[in-house]
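Each remark here refers to the structure printed beneath this line.
The values are calculated or read from the model by the stated rules, or taken from the named source; none is laboratory data. Note that this is a predicted model, so its numbers are computed, not measured. Here Cβ is always computed from backbone atoms with ideal geometry, including for glycine, and neighbour counts include all displayed protein chains.
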Ligand code: TYM
């Protein structure tokens with residue numbers, strides 16, 4: 001299939017701190033699988049990251065680290081466009097236009113805005129409020145057909161579709177309608193905290209036993225899994241309602257080893273958590289080892305990373321400009 005017959009995929013990850021096993025199993029794991037069949041564009045969304053306080057030096061480091069992790073997880077800069085959001089000004093430019101096609105009420109209903117403004121009461125800024133509009137601009141600029149994300153992003157995909165539909169309604173044929181591409185339930189769609197299986201695994205969790213970082217050392221991974229919250233019924237069976245902690249560990253173990261849930265349950269019949277938790281830890285150590293080592297190597301080669309993000313931004317800007325020109329013409333801006 002030639003490149004212009006292929007559908008387009010777009011996704012992004014925030015460089016706000018370190019990436020977790022949730023980011024990997026819910027989203028990034030799927031990125032390389034898709035790059036053979038689609039035109040793929042993957043972005044490090046640094047502009048989204050500054051909606052909460054960031055230390056500038058740490059943000060720069062984290063941005064390069066996410067780029068390195070994209071490559072370490074199997075993305076090939078020759079096959080996919082990899083770039084940094086702030087390097088392509090069209091994102092901010094389209095976001096402004098889309099702000100004027102987004103209703104105050106619908107932005108107010110976003111659960112992420114409600115959660116983050118409750119958590120960062122000292123910094124309830126307007127960027128946090130218009131975050132989903134910038135995300136819609138990211139996706140719509142590239143006329144993306146599919147957006148691979150974890151289920152926590154489903155509301156953001158919905159508002160993106162609503163904004164696109166509203167714009168297309170006034171200006172027909174402008175944007176491709178994107179669809180979210182979510183892992184199936186139990187296959188990484190939502191990886192839960194190891195410390196509190198009612199919450200999703202998140203790098204912003206205050207309890208660092210709750211999340212596994214892609215760059216965690218093996219001994220830290222083992223310790224966190226050994227401490228993972230389970231229940232007092234010692235059976236290793238999938239039951240997300242009654243046994244959320246164990247079910248989360250089964251999901252992680254199945255994904256890390258390539259086994260089915262039934263195979264995992266069979267493997268641990270008659271065995272207790274004392275066997276199961278270290279087995280999950282070891283499987284995750286082995287899953288993440290090559291990613292961590294490759295990331296460390298890539299971070300030593302800043303020239304290479306610079307070449308990747310510079311070329312990526314050039315290619316992305318070319319595609320983005322075409323959409324932005326069309327949008328500017330449709331809304332009535334004079335051609336520059
Ligand atoms: P972010 O940076 O929070 O997360 C990156 C990706 O990881 C997924 N994810 C999870 N999946 C399963 N279980 C978890 N515990 C878990 N935690 C995170 C997220 O669903 C996401 O796919 N708003 C986005 C970034 C973004 C974006 C975009 C995504 C900006 N523009 C355009 C797609 C398209 C975010 O905050 O992701």
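Determine whether the stretch 191-198 contains at least one residue that is closer than 30 Å to residue 6 by Cα, near the ligand (Cβ under 10 Å from one of its atoms) and in contact with a strand residue (DSSP E or B) (Cβ under 7 Å, 6 or more places away or on another chain).
No.
Do we have residue 277 as modelled with pLDDT of 95 or more, assigned to a helix (DSSP H, G or I) and within 23 Å of the chain's Cα centre (by Cα) here?
Against the criterion (modelled with pLDDT of 95 or more, assigned to a helix (DSSP H, G or I) and within 23 Å of the chain's Cα centre (by Cα)), residue 277 does not qualify.
Criterion first (away from the ligand (no atom under 14 Å from the Cβ), assigned to a helix (DSSP H, G or I), at pLDDT 95 or above and touching a helix residue (DSSP H, G or I) at 6+ places or on another chain (Cβ under 8 Å)) does residue 71 satisfy it?
yes
Pairs, please: C-beta under 6 Å, at least 6 apart or cross-chain, first residue outside the structural domain of residue 78 (by TED's automatic domain parsing) and in the stretch 312-328, second modelled with pLDDT under 95 and surrounded by fewer than 21 Cβ atoms within 10 Å (Cβ to Cβ)?
Pairs found: none.
List the pairs whose first member sits in the stretch 19-44 and is more than 30 Å from residue 196 (Cβ to Cβ), whose second member is near the ligand (Cβ under 9 Å from one of its atoms) and not in a strand (DSSP E or B), and whose Cβ atoms are under 6 Å apart, counting only residues at least 6 apart or on separate chains?
43/85
Residues checked against (1) assigned to a helix (DSSP H, G or I); (2) modelled with pLDDT of 95 or more:
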residue: 113; (1), (2): yes, no
residue: 116; (1), (2): yes, no
residue: 122; (1), (2): yes, no
residue: 132; (1), (2): yes, yes
residue: 136; (1), (2): yes, yes
residue: 139; (1), (2): yes, yes
residue: 144; (1), (2): no, yes
residue: 147; (1), (2): no, yes
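Can you confirm whether residue 256 is within 23 Å of residue 17 (Cβ to Cβ) and either surrounded by 14 or more Cβ atoms within 10 Å (Cβ to Cβ) or assigned by TED's automatic domain parsing to the domain that holds residue 282 (or both)? Outline the logic, then answer.
Details: within 23 Å of residue 17 (Cβ to Cβ): yes; either surrounded by 14 or more Cβ atoms within 10 Å (Cβ to Cβ) or assigned by TED's automatic domain parsing to the domain that holds residue 282 (or both): yes.
In short, yes.
Can you work out which of the residues in the stretch 149-159 that are touching a helix residue (DSSP H, G or I) at 6+ places or on another chain (Cβ under 6 Å) and near the ligand (Cβ under 7 Å from one of its atoms) is farthest from residue 190 (Cα to Cα)?
Residue satisfying both the conditions and the ranking: 156.
Could you tell me whether the stretch 235-251 includes any residue that is within 26 Å of residue 16 (Cβ to Cβ) and part of a strand (DSSP E or B)?
No, that holds for no residue.
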